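Trainee: What follows is a single structure, and I will ask about it in a moment.
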Amino acid sequence: MTNIYGMSRVDLENYFLASNEKKFKAIQVFEWLYEKKSQNIDEWSNIKKDLREKLKTDFSFDMPKIIRVEKDTLARKYLFELADTNFIEAVVMFHDYGTSLCVSSQVGCNMGCSFCESGRLKKVRNLETFEMVSQILQIEKDLNMRISSVVIMGIGEPLDNYDNVIRFIKIINDPKALAIGIRHITLSTSGLVPKIYDLMDLDLQINLAISLHAPNDEIRSKIMKVNKVYNISQLLTAIKDYIARTNRRVTIEYVMLKVVNDSKECAKELANLLHGLNIYVNLIPYNETNHLEYQKSSPESISEFCKVLKDNKINVTVRKEFGGKISAACGQLRSKEVKE
Ligand code: SAH
Ligand code: SF4
C-alpha cells in the first residue's frame, strides 16, 4: 500500500482530483501530517468522515520506529527499524546556528568505498521516500524541535536511489510540509556522473557535495571503486558543468586518511586540480572503525594540509568532529546492530 509520507503535494493533489475532491485537500492533509504531526486521522476535523475512511483504505500511515538513541552533548544518533526489520540510522547535530540532521538513503551501499562501513555492509535495498521523510518527522517529534537543515550523508549513495531522493527533497522543502529551505538541504555523492547531469537539469538550488577524497586517479581508484567507472577528469567536468548551470558553489569532501591521502604533496596536487573553481573543500577527520584498517590523520597533518590549500587560494574548512563517542561514522551503529 502507498505510504502517505511518500506523497508530494502534487501527488496528493492528483489523488484528490482523481477522487473528485478539491485539490486544496492536499494542503489540509499536509497540515495534519507535518504541522500538527498527527497520525490519528479520526481527529482530522476539517476532512469529512467518508473521505477520512477512504484515506485510511488507500494509504498506510506507518513510519519506521526509533529503537535506540545514543546521546552526546552535541549530537544524537537514532537507530530506526524498518517494517522489513532492516535497520537504518540518522544523526542529529546541534550547532549554534540550528539543528541539522544527517539522513540515510539506502540500507547499506553498493559503492564499496574501502574506508566506509556502509560500503562494507553492501546494499540491501533503496529506502522508500516515506522512510526518508519519516527520519526527520520522527526525530522532530522526539526532540520536540524543528530540524533546520538536512544532509543526505548517512548510509547509502543518494544518486543510486535518484527518484525517491528527489521526491524526498521536494516533500521536505514544501512550505506546507517540513519547510526545510532548499539551500539548507545538502546531497553528498561519491560521483555518479550521469546522475549529476540529471540533477543539474532540475536546477534545484540544493547544496551538492562531492566525495572526492583523492587528488589523482591512482589514489582514488584504490579507495573508491566508483573511480574506475567515472574517473576524476569526468567528475571534474561534471562539477564544472554543474557550477556553470546552477550558479551554485560545490563542496568537495576530502576524508583525511593517514598516509593514504594526507601528505603535503597530495594537498598541492589537490590545489592544482581545483584551482579557479567555485568550490570549497571540507576536510573530514576520519572516524576509525573496528573492522577497517584505515587510521585518521593526525591533527598536525590536517592543519598542514589545510594550510597548503589556503596558501594556494582554495577555500577550505575542517569538519567539526561530532559524536565520535556515539559511533557516528557512517554505518557504525547499524553494523553493531546487525552483528547482534
Ligand atoms: N554515499 C554518499 C553519501 C554518504 S557518505 C557519499 O559517499 O558521498 C557521506 C560522507 O562520509 C562521504 O564523504 C564519505 O566518504 C564519508 N565517510 C564514510 N565513512 C567515513 C568515516 N568512517 N569517517 C569519516 N567520513 C566517512
Ligand atoms: Fe557508499 Fe558513500 Fe560509503 Fe562510499 S562513502 S560506500 S558511496 S556510503
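Values in this text are rule-based calculations from the coordinates and carry no lab data. It should be emphasised that the depicted structure is a prediction, and the values quoted were computed from it without experimental measurement. Here the Cβ is made from the backbone with ideal geometry for all residues, glycine too, and neighbour counts use every protein chain on show.
Trainee: Remind me, what semi-axes does the stretch 49-121 give for its equivalent ellipsoid, largest first in whole Å, using sqrt of 5 times each Cα gyration tensor eigenvalue?
Mentor: Over the Cα atoms of the stretch 49-121, the semi-axes work out to 30, 20, 11 Å.
Trainee: Something else: How many times 2.2 N^0.38 Å is the alpha carbon radius of gyration of the stretch 116-234?
Mentor: Working it through for the stretch 116-234, the quotient is 1.14.
Trainee: Checking the a/c ratio against 1.5 first, then a/b against b/c, what shape does the Cα gyration tensor give for the stretch 2-60?
Mentor: Judged from the Cα gyration tensor, the stretch 2-60 comes out rounded (a/c under 1.5).
Trainee: Let me ask another. Just grab the label-to-label distance for ASN14 and ARG146, each label 7 Å out from Cα along the Cβ direction, in nm (one decimal).
Mentor: For ASN14 paired with ARG146, the spin-label model returns 3.0 nm.
Trainee: Which residues' amide hydrogens lie under 5 Å from the amide hydrogen of SER188, considering only partners 5 or more residues apart or on another chain, with H built in the peptide plane?
Mentor: So SER188 has HN proximity to ILE152, ALA209.
Trainee: Still on this structure, I have one more. Placing unit charges on C-beta atoms (Lys and Arg positive, Asp and Glu negative, everything else neutral), compute the dipole magnitude of the chain about its Cα centre in debye, rounded to 20.
Mentor: Dipole magnitude for the chain comes out near 340 debye.
Trainee: Would you grab the residues whose amide H sits under 5 Å from the one on VAL255? Only those 5+ places off in sequence or on another chain, please, with H modelled 1.01 Å from N.
Mentor: Distant-sequence amide H within range of VAL255: HIS213, ILE284.
Trainee: Still on this structure, I have one more. Need one number: nm distance between label points at ASN216 and ALA244, each 7 Å from Cα along Cα→Cβ, rounded to one decimal.
Mentor: If labels sit at ASN216 and ALA244, their model points lie 2.7 nm apart.
Trainee: Which number comes out as Rg/Rh for the chain once both Rg and the Kirkwood Rh are worked out on C-alpha atoms?
Mentor: The Rg/Rh ratio comes out at 0.99.
Trainee: Continuing with the same structure: Would you look at the GNM of the chain, springs on alpha carbons closer than 10 Å, and say which of LEU204, LEU79, LEU192 moves the most?
Mentor: Between LEU204, LEU79, LEU192, it is LEU204 that shows the largest mean-square fluctuation.
Trainee: Compare the peptides 99-106, 43-50, 309-316, 291-298 by average per-residue count of other Cβ atoms within 10 angstrom and give them in order, highest first.
Mentor: 99-106, 309-316, 291-298, 43-50
Trainee: If you don't mind, another one. For the chain, what does -39500 (n - 2.57) per DSSP helix run (n ≥ 4), summed and divided by total residues, give at 222 nm, in deg cm²/dmol to the nearest 500?
Mentor: For the chain, the value works out to -10500 deg cm²/dmol.
Trainee: Amide H to amide H under 5 Å from THR99: which residues, 5+ apart in sequence or cross-chain, H placed 1.01 Å off N in plane?
Mentor: Here the answer is SER148, SER149, since their amide H atoms fall under 5 Å of that of THR99.
Trainee: Listed highest first by mean packing, meaning other Cβ atoms within 10 Å per residue, what order do 110-121, 152-163, 178-189 come in?
Mentor: My ranking of the peptides, most packed first, is 152-163, 110-121, 178-189.
Trainee: Distance in nm between label sites at LYS258 and TYR280, each 7 Å beyond Cα in the beta-carbon direction?
Mentor: 3.0
Trainee: Go through LYS195/LYS296; LYS65/LYS141; LYS240/LYS313; LYS36/LYS170; LYS195/LYS240 and tell me which ones have a Cα-Cα distance over 23 Å in this structure.
Mentor: Pairs exceeding the cut-off: LYS195/LYS296.
Trainee: For a Förster distance of 35 Å, can you work out the FRET efficiency between the beta-carbons of HIS291 and THR237, rounded to the nearest 0.05?
Mentor: Given R0 = 35 Å and the Cβ-Cβ separation, E is 0.50.
Trainee: Same structure again: Using only the C-alpha atoms of the stretch 1-145, find the volume of their convex hull and express it per residue in Å³.
Mentor: Per residue, the Cα convex hull of the stretch 1-145 comes to 142 Å³.
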